[in-house]
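Asker: Below you will find the structure I want to go over with you.
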Amino acid sequence: MTVRKISKNTVVKHPVSVFIVMSIFISWLFWSPIIASSVGLLNKNIEITSIGGFLLYIIAMTSMWIVAIPLIVARQGIEGVKNAYKDLFSGRNKVLWFFVAILIPIVIEIIAPIIIALPTGKLDLSGLSWSYVLFILVLGIHLSLVLALGGTGYALQLFAEGRGRITATLLTSTYTVVWISPMYLDVILRHPGYPVSWYFLGSTPALALILWLYYSASHKYNL
């Protein structure tokens, strides 16, 4: 009885810390083989388009969801999870919201390399096959569901407590950028040798989309 009480109080008392640390740790942990492959630390080339890379990506990019569910259960019980799923498909996150969320991997994996290559004038689009674009679109669909439950369905609620709409949006967006940054880091490592300012510029489309997603959803919490 005593052990269970301490465990519950620890989770409920520090949900923000547990959520941030665990979700980011899992994300970076499962991205690390892909990143290590990009810098030549592994003999085997691992890309997200390979079976192994895809599985690593799925686990890494589901970590926000994986960590959110037990924290929701700790705070609201099984009913809280049911409500989270209900909210996911109730239309609170409108069709436009999901459309924008789906675009995030596209702007990181496709648009960012284009922006990064602009200073040289040697833009190479030969690798943009229809199959690759479709693959990135599938990643976007998966990510949109994760962000709906783990992002606007949980993280935003945590950061919104006692804060205004803009502050909650900025805090949740900052967390999400750190959580998803291995994807963009992998893009940078695969496109080396460009001006640093262009790498920052390449990240702005994804940042803008993430800010919009959380700001547009924050009205649910009467901020």
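Throughout, read-outs are computed from the coordinates displayed, never taken from laboratory work. Note that the coordinates shown come from a computational prediction; the quantities given were computed from them, not determined experimentally. As a convention, Cβ positions derive from the backbone with ideal geometry for all residues, glycine included, and neighbour counts pool all protein chains shown.
Asker: Note down the nm distance, to one decimal, between modelled labels 7 Å out along Cα→Cβ at residue 59 and at residue 197.
Answerer: The two pseudo-label positions are separated by 4.1 nm.
Asker: If you don't mind, another one. How far apart, in nanometres, would the label points at residue 128 and residue 95 be if each is projected 7 angstrom from Cα along the Cα-to-Cβ direction?
Answerer: 2.6 nm
Asker: In nm, what is the difference between 0.36 nm times the number of residues separating residue 83 and residue 166 and their Cα-Cα distance? Provide the component values of the computation, followed by the final result.
Answerer: On the way: separation 83, 0.36 × 83 = 29.88 nm, distance 2.52 nm.
Between residue 83 and residue 166, full extension yields an extra 27.4 nm.
Asker: Now, a different point. Find how much the distance from residue 29 to residue 114 grows on full extension, using 0.36 nm per residue of separation minus their present alpha carbon separation; answer in nm with one decimal.
Answerer: Numbers: separation 85, 0.36 × 85 = 30.60 nm, distance 2.77 nm.
27.8 nm is the gain from fully extending residue 29 to residue 114.
Asker: For the stretch 97-210, what log10 I(q)/I(0) values come out of the Debye formula at q = 0.15, 0.20 1/Å, with one point per alpha carbon and no solvent?
Answerer: -0.70, -1.08
Asker: Tell me the label-point distance for the pair residue 208, residue 75, using the 7 Å Cα-to-Cβ offset, in nm and rounded to one decimal.
Answerer: 3.2 nm
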